[in-house]
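Asks: Once you've had a glance at the structure underneath, I'll fire off some questions.
Read-outs: derived from the displayed coordinates by stated rules, not from any lab. Values in this document were obtained by computation on a predicted structure and should not be read as measured data. Methodologically, a virtual Cβ is constructed for each residue, glycine included, from the backbone with ideal geometry; neighbour enumeration extends over all protein chains shown.
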Amino acid sequence: MVIIMANIKIIFGVVILIGLIVAGFYFVSSTDTFQEDTKLTLNSNSTKINENTTTVKVIGHTEPGATVTINSNDSSIATLYPKVSSNGDFYYEITVPTSMEHMVLIVEAIANDKKPSTAIFTIERIPPITVVDTPNGTNNNTTNSTPVENFIGNKYSMIFHVPSCEWVEKMSENNKIIFENRIDAINQGYQPCKACKP
Ligand SMILES: [Zn+2]
């Protein structure tokens with residue numbers, strides 16, 4: 001009788017031990033191992049916008065019935081909360097203030113009994129193109145541009161100079177004549193200056 005009671009105690013002990021192991025296994029597996037990630041893909045992960053753009057569409061795909069949030073649904077940027085269609089497609093319309101040069105959006109999708117997934121979407125505003133005036137050369141093809149002053153003649157003395165010659169500074173504006181090359185000056189009877197030797 002004592003031996004039988006001892007055996008029963010051992011059997012109970014083993015059964016309880018096995019029960020704890022099995023229960024522990026199910027507890028661990030149900031909370032972690034068997035939980036899948038929610039499917040989430042974006043059509044694009046970034047976009048570039050110009051200085052006037054104020055809305056950007058974020059288009060993606062998740063699972064039917066999943067919930068999608070963006071930056072935890074910050075109402076200052078999201079004007080339209082997405083509806084996930086029956087095939088899992090969604091789109092978001094984002095408001096981008098014109099002062100915003102760079103924006104990082106965190107898109108999160110979660111389906112029932114699955115782990116949430118996140119994707120990053122970045123928006124970059126291209127700065128406006130600034131036109132820089134170059135001092136010379138860019139407008140040479142316009143018809144009304146002033147000719148390049150290669151040589152300057154004096155109508156009174158019939159002598160021509162390079163523009164930097166000191167005699168040009170002393171010359172009266174009324175006496176000045178511009179030549180694009182020295183052959184033109186010589187053909188019109190002008191003599192080269194002995195100081196600047198054009
Ligand atoms: Zn000269």
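Asks: When Lys and Arg each count +1 and Asp and Glu each count -1, what net charge do the other residues less than 10 Å away from residue 154, Cβ to Cβ, add up to?
Replies: +3
Asks: Pull out the extension gain between residue 166 and residue 43, defined as 0.36 nm times the separation in residues minus the alpha carbon to alpha carbon distance; nm, one decimal.
Replies: Between residue 166 and residue 43, full extension yields 37.3 nm more.
Asks: Still on this structure, I have one more. When the Kirkwood hydrodynamic radius is evaluated over all pairs of different C-alpha atoms of segment 41-125, what value in angstrom, to one decimal, is obtained?
Replies: 13.1 Å
Asks: Another one. Counting Lys +1, Arg +1, Asp -1, Glu -1, what net charge surrounds residue 39 among other residues with beta carbon under 9 Å of its beta carbon?
Replies: Counting the neighbours of residue 39, the net charge comes to -2.
Asks: Mind listing P(r) for segment 151-192? All alpha-carbon pairs, 10 Å bins, whole percents.
Replies: Whole-percent P(r) values from 0 Å outward: 35, 60, 5.
Asks: Residue 186 to residue 173: extension gain in nm, 0.36 nm per residue of separation minus the Cα-Cα distance?
Replies: Numbers: separation 13, 0.36 × 13 = 4.68 nm, distance 2.07 nm.
Length gained between residue 186 and residue 173: 2.6 nm.
Asks: For residue 96, enumerate residues with amide H under 5 Å from its amide H, sequence gap 5+ or separate chain, H modeled in the peptide plane.
Replies: Residues meeting the criterion, in which the H sits 1.01 Å from N, are 55, 56.
Asks: Let me ask you something else. By how many nm would the segment from residue 9 to residue 102 lengthen if fully extended, with 0.36 nm per residue of separation less the alpha-carbon distance?
Replies: 26.4 nm
Asks: Long-range amide H contacts for residue 178: which residues qualify at under 5 Å (H placed 1.01 Å from N, peptide plane, sequence gap of 5 or more or a different chain)?
Replies: 153
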